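Asker: Quick one: the structure is below, questions incoming.
The values are calculated or read from the model by the stated rules, or taken from the named source; none is laboratory data. In this text the structure is predicted, and so the values were computed from the model without any measurement. Virtual Cβ from ideal backbone geometry, glycine too; neighbours counted across all protein chains shown. Note: accessible area is taken over every heavy atom of the protein model, side chains too, but ligands, DNA and RNA are not part of it. Shrake-Rupley method; radii C 1.70, N 1.55, O 1.52, S 1.80 Å.
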Amino acid sequence: MRIDILSAVPQLLKGFLNYSIVQRAKDKDLVEIFVHDIHDYGKGKYKHIDDYQYGGGAGMVLMVEPLDRLISQLKSERNYDDIIFMTPDAPVLKQNLVNELSLKQNLMILAGHYKGVDQRLRDLHVTREISIGDYVLSGGELPAAVLTDAIVRLIPGVLTDETSALTDSFQNNLLAPPVYTRPPEYKGLKVPEVLLSGNHQKIAEWREQQAEKITKKIRPDLLDS
Ligand code: ADE
């Protein structure tokens, strides 16, 4: 898979992309990630990329021309399955969409900044808009990093234990059950006996019951969907 991330503050992404699971996936040649600085396509001597919004209002808006040039250049080099714009005014990211995106070949992710991007850029190029939650961040870099991490860890071969992504929270619309490791007792708190029993059928049943119980308590909305 190839992911191109477009950003006005690429420094924000560098650390994240060079550590963690994403680095492991890059080392194994399972993903290539390219970060593009929108300023490289900026206008004039000062490489302008933003301007005041028409009609007045606080905040600068990313101009259509620099981004159009950058995106058109990338599109001329390969076909993109999706050109994604990270923005709070969009449907909220869910695991089923992450699963779907992890099967794609080429993704482009645009991290907005300032007050947003000129609507014409969205009309011209963006095929999907994603929010990471009902709150506003100061830019789209962290959301782009969140989306990239969620996708990359699902690419086959990235996680060492192939089954572990399947038992994540939200797969099957359930939160994950509690997990324990050694010691069997700590400060009077005991690991549930069933987990020490070696009875895999019983353990699976217990985990399912716990997942349902926790989901009902914390996120009952998941059970309705
Ligand atoms: N940019 C700013 N806030 C955001 C959010 N919640 N989701 C995606 N992009 C954003």
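Asker: If amide H atoms are built 1.01 Å from N in the plane of the peptide, which residues on other chains or at least 5 residues away come under 5 Å of the amide H of Gly116?
Answerer: Leu62
Asker: How much accessible area does Thr215 have with a 1.4 Å probe, in Å² rounded to the nearest 10?
Answerer: Spelled out: Thr215, probe radius 1.4 Å, area about 0 Å².
Asker: Okay, moving on. Find the Rg to Rh ratio for the stretch 169-224, where Rh is the Kirkwood radius over alpha-carbon pairs and Rg uses the same atoms.
Answerer: My calculation puts Rg/Rh at 1.04.
Asker: Over 5 Å intervals from 0, what percent of Cα-Cα pairs in the stretch 18-59 sits in each interval?
Answerer: Spelled out per bin, shortest first, that is 6, 17, 14, 10, 12, 11, 11, 12, 7, 2.
Asker: Let me ask something else about it. Normalise the Cα radius of gyration of the chain by 2.2 N^0.38 Å (N = residues in it) and let me know the number.
Answerer: 1.24
Asker: For a paramagnetic label modelled at 7 Å from the Cα of Lys216 toward its Cβ, which residues of the stretch 144-180 fall within the zone defined by backbone nitrogen distances under 16 Å?
Answerer: 174-178
Asker: Please report, in whole Å, how far the alpha carbons of the stretch 79-210 spread along each principal axis, starting with the longest.
Answerer: Per principal axis, max minus min of the Cα coordinates gives 61, 32, 22 Å.
Asker: Run the quick spin-label model on Glu32 and Asp68: label points 7 Å from Cα toward the beta carbon, then report their separation in nm to one decimal.
Answerer: Going from the Glu32 label point to the Asp68 one covers 2.8 nm.
Asker: Taking R0 as 22 Å, what's the FRET efficiency between Phe170 and Ser20 from their Cβ-Cβ distance, rounded to 0.05?
Answerer: FRET efficiency, Phe170 to Ser20: 0.65.
Asker: Rounded to the nearest whole Å², what accessible area per residue is found for the stretch 79-225 with the 1.4 Å probe?
Answerer: Here the residues of the stretch 79-225 average 62 Å² of exposed surface.
Asker: Could you tell me the accessible area of Arg69 in Å² (1.4 Å probe, neighbours in place), rounded to the nearest ten?
Answerer: Here the accessible area works out near 110 Å².
Asker: For the chain, what does the relative contact order come out to in percent, with C-alpha contacts under 8 Å and a separation of six or more?
Answerer: It comes to 21 percent, rounded to a whole number.
Asker: In whole Hz, with x marking every Gly and Pro, tabulate ³J(HN,Hα) for the stretch 17-31 from phi via Karplus 6.51 cos²θ - 1.76 cosθ + 1.60, θ = phi - 60°.
Answerer: 6, 9, 10, 6, 4, 5, 5, 4, 5, 5, 4, 8, 6, 8, 8
Asker: For the stretch 29-168, with only Lys/Arg (+1) and Asp/Glu (-1) charged at the beta-carbon, what is the dipole magnitude about the Cα centre, in debye rounded to 20? Write out the running numbers ahead of the final one.
Answerer: Details: 13 positive and 22 negative charges, 94 e Å.
Around 460 debye, computed over the stretch 29-168.
Asker: Under 5 Å between amide hydrogens, which residues at least 5 positions from Asp50 or on another chain qualify, with H placed 1.01 Å from N in the peptide plane?
Answerer: The list, which skips near neighbours in sequence, is Met63.
Asker: Considering only DSSP beta bridges where both residues belong to the stretch 2-152, give the percentage that are antiparallel (nearest 5). Before the final figure, lay out the partial values.
Answerer: On the way: 4 of 25 bridges.
Rounded to the nearest five, the antiparallel share is 15 percent.
Asker: Using alpha carbon centroids, what distance separates the stretch 172-204 and the stretch 131-150, in Å?
Answerer: Using only Cα atoms to place each centre, the spacing works out to 33 Å.
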